[in-house]
Amino acid sequence: MKPNTANDTASSSDSNSPTPPPSPPRHPTISQCRRRLRSKPHSFSKRESIGTGINLRRNLRYLLLLPLLYVSGLFMCVSPFSGLLRYSQPPGSVYRSHQNFERLWDDIRFDNSSAIELSSVWKYKRRVKVQRPCPNSTAVNHFPMNKGSPGPSGYLIVEANGGLNQQRSAICNAVAVAGLLNAILVIPWFEYNSIWKDPSEFGDLYDEDHFISSLRGYVNVVKELPDELMERYDYNITNIPSFRVQAWAPVNLYLGVVYPVLRDQGVIRIGPFANRLAMNVPPYIQLLRCIANYRALRFSSAISTLAERLVGRMVERSPRTAGKYVSIHLRFEEDMVAFSCCMYDGGDAETVELDSFREKGWKGKFKQKGHVIVPSLNRINGKCPLTPVEVGLMLRGMGFDNNTSIYLASGKIYQAEKHLAPLKKMFPLLYTKESLATPEELAPFKGYSSRLAAIDYAVSLFSEVFVTTQGGNFPQFLMGHRRFLFGHAKTIIPDKRKLVVLLEDMAISWKAFKNQMEVMLTESDHKGMMVPRIKKINRKTSIYAYPLSECSCLQQYHNSTLKLRLAV
């Protein structure tokens, strides 16, 4: 391992400065010593040879001891002995946010500076370009192998895995692949996940008839295989051999490997199907993704009806901000906290509890040989989910006052009573789907994590400000959907590496913290309107997070009918 010393840093940073004059020699160098040895006659006495042997044995002993000393040093640094050695943790590695909240609470509460107006949060504006109509031709007409084809090449079945938005990604990719292969797409299957534990099917989440009709003219979609094919496989789709495709597979792989099998067999099943199509695909393939995501996928009537009601109730509860509200996707749930391997303020009891949850949920994954858990390093690298108090401090620092209405999109918060108390203290107008809906309205969705996530998605979509606290498919899709609808993501993306350092500093003033948060809000505003540059088909960013400019031809369709059911 190369040591990181101050001298190394100075020499690298001052590489362009003039070279200093050489220092006068103090001791003979190694090369000088070697030259002197070579100049002596090669005759050694018996006593010298014995002494040399003893020295060699001593040196060998020291060489063997060095690794042991190194390991012992590491052990002492990560053990309770580090306190005795006055081992200093790097900035941001220790969770002290709850202590800083208590220290700064009076300053926050009596802050008389003007609050930020929700209508003026986003200062950057994007010019609305003249929208070109979407091309009418289907994707398969661009490939010589499919031109003049007497009919479809066969049926495509995909197994969408993961949570709500990972499944959404799989559905959109399936539409694109079906168009590419000139295949008939069977309504995607949802793989049961041991973590999500949601048995929902496609029709429980999305309007099947709307999905089929919206894709007509681009991709043919059916609800099930024809009877003659089902009979061949004993009326069990799982009997159809599953085709394994590499992650982020390019177009050439589908055309050169998958297509011949599909033509030969008449039906093909691909599973799992998350992230099985590259982002850099031709525009006519990308358009199919756009149509699937923004036109064909509409939440089921049960989900969209309740979501509309909750959006209306949030508007009613936000009279001081002209009906505008903030939504927060808070991923401080037990499974996320456990998976992140981060430590907060729960001490040994928290460690035991989260270790138990990890073992139950992932069965030894975190105890595999070579797997090292370093919570402090995870925190420094911004991999820890933000706690409710951290989100609250950030928003109050940005200028959102206690009159701001907040919708909390989340599952079951880890130790909710303890961790939500500071956030409620800072933002009394805090709502969730459970507090907005009646027990009778929520009853059909209880126990179905994907359906509950769909409600959160829809209510967050129409908030004036969306706050993401952890990466994942939910914020990626939502940011992209908001860019598509409004031209701006309207999303606050925390710089968590910077935030953890600030919140660990027990000497920081409220004014200094606010200044840093205002800068962070400005950066989010700027990033929210960004559109990546795309040269031909060289797209590296996600089409779902950055849908423009490929999906822009569909915007007029949505802007003219901006109703909740059509927008989601």
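The values are calculated or read from the model by the stated rules, or taken from the named source; none is laboratory data. What you are looking at is a predicted structure, and each value in this text was computed from that prediction instead of being measured. Ideal geometry is used to build each Cβ from the backbone, glycine not excepted, and the neighbour counts take in all protein chains shown. Areas reflect the complete protein model, heavy atoms only, side chains present, ligands, DNA and RNA absent. Shrake-Rupley method; radii C 1.70, N 1.55, O 1.52, S 1.80 Å.
Here are a few things to note about the model shown:
- Residue within the range 319-329 that is open to solvent by less than 10 Å² (accessible area, probe 1.4 Å), farther than 29 Å from N193 by Cα and touching a helix residue (DSSP H, G or I) at 6+ places or on another chain (Cβ under 6 Å) present: yes
- Residue count, the range 477-502 (criterion: outside any loop (DSSP other than H, G, I, E, B), open to solvent by 20 Å² or more (accessible area, probe 1.4 Å) and modelled with pLDDT of 95 or more): 5
- Looking only at the range 314-334, and only at residues there that are aliphatic (A, V, I, L, M), over 19 Å from S97 (Cβ atoms) and not in a strand (DSSP E or B), the one that is nearest to the chain's Cα centre (by Cα): M314
- The range 269-311 - residue that is in a helix (DSSP H, G or I) and among the polar types (S, T, N, Q) and, of those, most open to solvent (accessible area, probe 1.4 Å): S301
- Any hit, the range 109-119, residues being modelled with pLDDT of 70 or more, aliphatic (A, V, I, L, M), under 24 Å from V465 (Cα atoms) and under 30 Å from the mean Cα position of the chain (by Cα): yes
- The range 379-433: number of residues that are surrounded by 18 or more Cβ atoms within 10 Å (Cβ to Cβ), in contact (Cβ under 8 Å) with a residue 40 or more places away in the chain, more than 25 Å from A512 (Cβ to Cβ) and polar (S, T, N, Q): 2
- Top-ranked residue of the range 335-349 - restricted to ones that are at pLDDT below 90 and either among the β-branched types (V, I, T) or assigned to a helix (DSSP H, G or I) (or both), ranked as surrounded by the fewest Cβ atoms within 10 Å (Cβ to Cβ): D348
- From the list V128, V78, the one residue that fits, being surrounded by fewer than 17 Cβ atoms within 10 Å (Cβ to Cβ), modelled with pLDDT under 65 and within 29 Å of I493 (Cα to Cα), is V128.
- Which listed residue, of Y294, Y254, Y259, is within 25 Å of G480 (Cα to Cα) and either touching a Lys or Arg at 6+ places or on another chain (Cβ under 7 Å) or of a type in the set (S, T, Y) (or both): Y294
- Residue within the range 253-265 that is closer than 30 Å to G361 by Cα and in contact with a helix residue (DSSP H, G or I) (Cβ under 8 Å, 6 or more places away or on another chain) present: no
- Test result for G203, touching a residue at least 12 places away in the same chain (Cβ under 8 Å), out of contact with any His (no Cβ under 9 Å at 6 or more places or on another chain) and on the phi > 0 side of the Ramachandran plot: no
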